[in-house]
Amino acid sequence: MRAAILVFGVVVMMGAGVMAQTQKSAPPASTAEKVIIDTDIGDDIDDAFAIALAVRSPELEILGVTTTFGDTEARARIADRLLGEAGRADIPVLAGAATKTSNVMSQQRYGQSGQFAKASHASAVDFILEEIRKYPGQITLVGIGPLMNVGAVIDKDAATFRKLKRVVIMGGSIECGYGELWFCPERGPDAEWNIVNDINSAKKLFQSGVPLYVMPLDSTQLKFDETKRAYLFRQGTRLTDALTLLYHEWGQETPTLFDPVTIAFIVNPKICPVEPMHIRVDDKGFTRREAGEPNAQVCLKSDEEAFFRLVIGRIAAQ
């Protein structure tokens, strides 16, 4: 019990320290980085945490949230409600083209309440292109779902796509596959979810020439354990209550916060240092590290302590 109390105390101090740091270091709005978040929110729980971290990060100006993969309208309604609960109903939500999938959207009920939800959502692809034309060289596209929208944007107007400032994705597997990271030397890489669900779009992205920053399984399998959950969920804000509800609808025990690593990297690149690599996406969805001119900056190891200081401190802030 004493050990648990000590750990809990560390989490409390961790959150308090980051909240104080956030208040001191928030940049002027004019310096905020323009981002569009492309998400498959509704399956796993990590997308919701990524969006929550983004809306609590003054370093970012969120131009919009776009949904991808499967029932994109249902995903958009989930995003509508989460943004509304976070006090950011002003952020537009756009839907990509629907695709067939047998994957269960565990949090679909959350978006069915009607609260903050829009009747329909405009085209994600058209929105992304319009925003790039409006802000050439200024937008970071954050991909935390399968890459259907990214591929569709490239197909529709590759020249405009190349005017992005950069793309930051959670995707791929270089040395470590799914599972505990200490096990990766024996297991090796896997075909990761966001890549394997649209291999052709992934190939287009890695060949696009746009500055690309990749947070693969190697650096994103960060477990949101019981002690951290207990601290965050007891804060009782509208945002933490929304995440608590989504967590219970997800219905599993310990989340792995893959997707928020992208947002943490943008806010503080030291959390996930990158190195240049040439990555080839093969026909099975593996991201193969090969010799050649680098086409991506890849993070193979993240600072887990700094990551959770940022995530818990920002999201728990009153």
TODO: Can you tell me which residue within the stretch 162-201, out of those that are in a loop (DSSP other than H, G, I, E, B) and of a type in the set (A, V, I, L, M, F, W, C), is farthest from ILE37 (Cα to Cα)?
DONE: CYS176
Task: Check on ARG288, touching a helix residue (DSSP H, G or I) at 6+ places or on another chain (Cβ under 9 Å) and not in a loop (DSSP other than H, G, I, E, B) - done: no
Task: Conditions (1) closer than 18 Å to ASP43 by Cβ; (2) of a type outside the set (Gly, Ala, Ser); (3) buried (at least 20 other Cβ atoms within 10 Å of the Cβ); number of the one not met by ILE128 - done: (1)
Open item on the list: As an exercise: evaluate ALA159 against (1) assigned to a helix (DSSP H, G or I); (2) closer than 23 Å to ILE78 by Cα; (3) of a type in the set (A, V, I, L, M, F, W, C) and give the number of the one condition it does not meet.
Closed with: (2)
Open item on the list: Just checking: which of the helices (runs of 4 or more DSSP H) contained wholly in the stretch 1-120 hold 2 or more residues that are modelled with pLDDT of 95 or more and more than 19 Å from ALA316 (Cα to Cα)?
Closed with: 72-85
Task: Filter result for ARG309 (outside any strand (DSSP E or B), touching a Gly at 6+ places or on another chain (Cβ under 9 Å) and over 23 Å from ASP43 (Cα atoms)) - done: yes
Task: Neighbours by Cβ (under 8 Å, 6+ apart or cross-chain): first from the stretch 275-289, of a type in the set (Asp, Glu); second at pLDDT 95 or above and in a strand (DSSP E or B) - done: GLU275/GLN297; GLU275/VAL298; ASP282/ARG288
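The values are calculated or read from the model by the stated rules, or taken from the named source; none is laboratory data. Quick caveat, the model's predicted, so the values are computed rather than measured. Because the Cβ atoms are built from the backbone with ideal geometry, glycine has one as well, and the counts that use them run over all protein chains shown.
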